[in-house]
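*Asks:* One structure coming up, written as structure tokens, with questions to follow.
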Amino acid sequence: MKVLLDEDPPHKLRQNLPGHDVSTVSYMGWSGLKNGELLRTAEAADFEVFLTGDQKLSYQQNLKERLIGIVTLSAQEWPIIKSHLPAIAAAVDAALPGSFQSVECGSFRR
């Protein structure tokens, strides 16, 4: 599956989603694109899943007609999400066009 990793989640996720072709927004040269434009650009490039920390995305975008599935994470810090890699991989595996899934990873506390 072709996965696009947003700017906010740690890029270490790239190596931790085996069996998937994972690219980052910055690597693709799409940094700074707003959500709607970013999703359209990703779809045109045949990405199947968008992995992000932006939990408001489902409220800001009409996902019904989307060709890309969206997976959000509740945390973006590697020390927190690394113990949730199986749940993240399962959400990516289950993503369908126009779907939205949120993976609860906890949150950072001081």
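*Asks:* Reachable aspartates and glutamates from LYS64, Cα under 15 Å, same-chain residues fewer than 8 places away excluded?
*Replies:* Cα-Cα hits under 15 Å: GLU43, GLU48.
*Asks:* Against the longest alpha carbon principal axis of the chain, how many degrees, from 0 to 90 and to the nearest 10, is the axis of helix 35-44 turned?
*Replies:* The angle comes out near 70 degrees.
*Asks:* Rounded if a/c is under 1.5, else prolate if a/b is larger than b/c, else oblate: which is the chain, with a ≥ b ≥ c the root eigenvalues of its Cα gyration tensor?
*Replies:* Numbers: a/c = 1.43, a/b = 1.37, b/c = 1.04.
Verdict is rounded for the chain.
*Asks:* Between GLU104 and SER31, how many nm apart are label points set 7 Å from Cα along the C-beta direction?
*Replies:* Calculated label separation equals 3.4 nm.
*Asks:* Could you tell me the distance between the Cα centroids of the stretch 79-110 and the stretch 1-50, to the nearest Å?
*Replies:* 15 Å
*Asks:* Now for a different question. Note down the relative contact order for the chain as a percent, whole number, built from C-alpha pairs under 8 angstrom at least six residues apart.
*Replies:* Worked out over the chain, it gives 28 percent.
*Asks:* Sticking with this structure for a sec: Which angle between 0 and 90 degrees, to the nearest 10, do you get for helix 85-94 versus the longest principal axis of the chain when only C-alpha atoms count?
*Replies:* Taking the Cα atoms of the chain, the angle to 85-94 is about 20 degrees.
*Asks:* I need TRP30, TRP78 ordered by Cβ neighbour count within 10 Å, fewest first.
*Replies:* So the ranking, lowest neighbour count to highest, is TRP78, TRP30.
Values quoted throughout were computed directly from the atomic coordinates according to the rules given, and no laboratory measurement underlies them. Quantities reported herein were computed from a predicted structural model and do not represent experimental measurements. Methodologically, a virtual Cβ is constructed for each residue, glycine included, from the backbone with ideal geometry; neighbour enumeration extends over all protein chains shown.
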